[in-house]
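Input: a single structure, listed below in structure tokens.
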Amino acid sequence: MMRRKTGLLMEGDQPAGGKWNFDHDNRNPAPGPLGLPQPLRFKPDAVTCDVLEMVATCFPDHFGELKPFWFAVTRAGAEAAFAHFLRHGLRDFGRYQDAMLSGHRFLCHSVVSAYLNLGLLDPLAMCRAVEAEWHAGRVPLNSAEGFIRQVIGWREFVRGVYWWRGPDYAHSNELDAHRPLPAFYWSADTSMNCVRACVTQTREEAYAHHIQRLMVTGNFALLAGIDPHALHEWYLAVYTDAFEWVELPNTIGMSQFADGGLLASKPYAASGAYIDRMSDYCAGCSYNVKAKEGPKACPFNLLYWHFIARHADLLRGNPRMVQMVRTWERFTPEKQARLTRDAGRFLASLG
């Protein structure tokens, strides 16, 4: 609807390239840090320095690191940051947008969501600029389509859900998850390398891209049965772009499936295999991502089957999840007992 309304990436009444969605081209693991761009960085002006000093004085023990502070604080700076992305990041944004890399925190992401959500950038103007890069032959269609869909598609969708559902949406808890948020969401003190990397990056940059949020910190919370409202409040506290209207539906609806499927068609639950495929985190981890059972097994593997077992009745009615329920039910009773035992021990260690 939004593509037709705006005319973006349209050829008459048909989508450019003959398809609305090119996500199948946007799931490549990162090749390595060499040649990947860095976001444009800005030196703090006098006003910004004064604010940094005030925050350091008033909130000395709060989560996060104030320096180095490199975000733009003006419309001109935000526009310069976006122009930098168009020149250096957009071309490979599509194919690497779901990748995660220890040696490079930003890959080809624009890192302009804070500017966009603050109103320093105009979303339609951004999309027209991206479309112009495709028309000029400088970026592939999958990158242009993926970026535009996130801005005029998903972002507008979650805004609508937020205002439609109202304040009570924040307390949705369809999966009856009540485990407290583990302390390592604040300290990064965990042996899970992927979680440690994402929380450390969050503390130092006030930024993590959508897959780090959805498939690492969010996925862990979903699998472990963390209280979704507690996770929502954490996301709201730690990211520069986390305004409630955009953060809340993404957390409650997409990440935690706490609305029972109102926003998303399936829980975004995944084992360690997904993280291993899309990142280099597992190579430096104390746990073995290939192990499915035992004390050295990746906790995501253990918790994945624990999650499937806990919610089998609900997931059996979901066409995108029913096969995993059937796989669990084909395990021998002995294997089910071992997986349940190992997952239970890990969950008990969370406190």
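The values are calculated or read from the model by the stated rules, or taken from the named source; none is laboratory data. A quick note: this is a predicted structure, and the numbers were derived from the prediction, not measured. Glycine gets a Cβ as well: all are built from the backbone with ideal geometry, and neighbour counts include every protein chain shown. What goes into the accessible areas is simple: the full protein's heavy atoms, side chains included, and nothing from ligands, DNA or RNA. Shrake-Rupley method; radii C 1.70, N 1.55, O 1.52, S 1.80 Å.
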remark   = For segment 272-336, the per residue accessible area (1.4 Å probe, Å²) is 52
ask   = In segment 252-300, what percent of the accessible surface is made up of carbon and sulfur (1.4 Å probe, ligands and nucleic acids excluded)?
value = 53
ask   = Hey, what did the chain get for relative contact order, percent, Cα under 8 Å, at least 6 apart?
value = 16
request  = Using a 1.4 angstrom probe, figure out how much accessible area segment 1-160 has per residue, in square angstrom, rounded to the nearest whole.
outcome  = 53
Label-point separation, T6 to Q150 (7 Å along Cα→Cβ), nm = 1.3
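Given a Förster distance of 41 angstrom, what is the FRET efficiency for H171 paired with A83, based on the Cβ-Cβ distance and rounded to 0.05? Before the final figure, lay out each step's value.
Values: r = 41 Å, r/R0 = 1.00.
That pair, H171 with A83, gives E of 0.50.
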inquiry  = As I understand it, the dipole of segment 191-306 uses +1 on the Cβ of Lys and Arg and -1 on the Cβ of Asp and Glu, about the Cα centre. Which of I252, P228, W305 lies farthest toward its positive end?
reply    = W305
remark   = Any residue on another chain or 5+ positions along whose placed amide H is under 5 Å from the amide H of M10 is listed here as A16
ask   = Counting only protein heavy atoms, what percent of the accessible surface of segment 1-112 is carbon or sulfur at a 1.4 Å probe?
value = 56
key: Debye intensity ratio I(q)/I(0), log10, segment 128-246, q values 0.10, 0.23 Å⁻¹ (C-alpha model)   = -0.40, -1.31
Rough spin-label spacing in nm, given labels placed 7 Å along Cα→Cβ, for M54 and L34 = 4.7
key: Pairs beyond 29 Å (Cα-Cα), from K266/K292; K67/K296; K67/K290   = K67/K296; K67/K290
ask   = Computed over the Cα atoms of segment 196-284, what is the convex hull's projected area averaged over all directions, in nm²?
value = 5.7
inquiry  = If I compute solvent accessible area with a 1.4 Å probe over the protein chains, what percent of it on segment 164-238 is carbon and sulfur?
reply    = 49
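Hey, with R₀ at 51 Å, roughly what FRET efficiency would W163 and T332 work out to, going by the Cβ-Cβ distance, to 0.05? Spell out each step's value before the answer.
On the way: r = 49 Å, r/R0 = 0.96.
Plugging the Cβ-Cβ distance into 1/(1 + (r/R0)^6) gives 0.55.
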query = How high is the relative contact order of segment 122-274, given as a whole-number percent (alpha carbon pairs under 8 Å, six or more residues apart)?
reply = 24
note = Put M100, M10 in order of accessible area, largest first, probe 1.4 Å, and you get M10, M100
request  = Could you check the simple spin-label distance between L66 and A183, using points 7 Å along Cα→Cβ, in nm with one decimal?
outcome  = 2.6
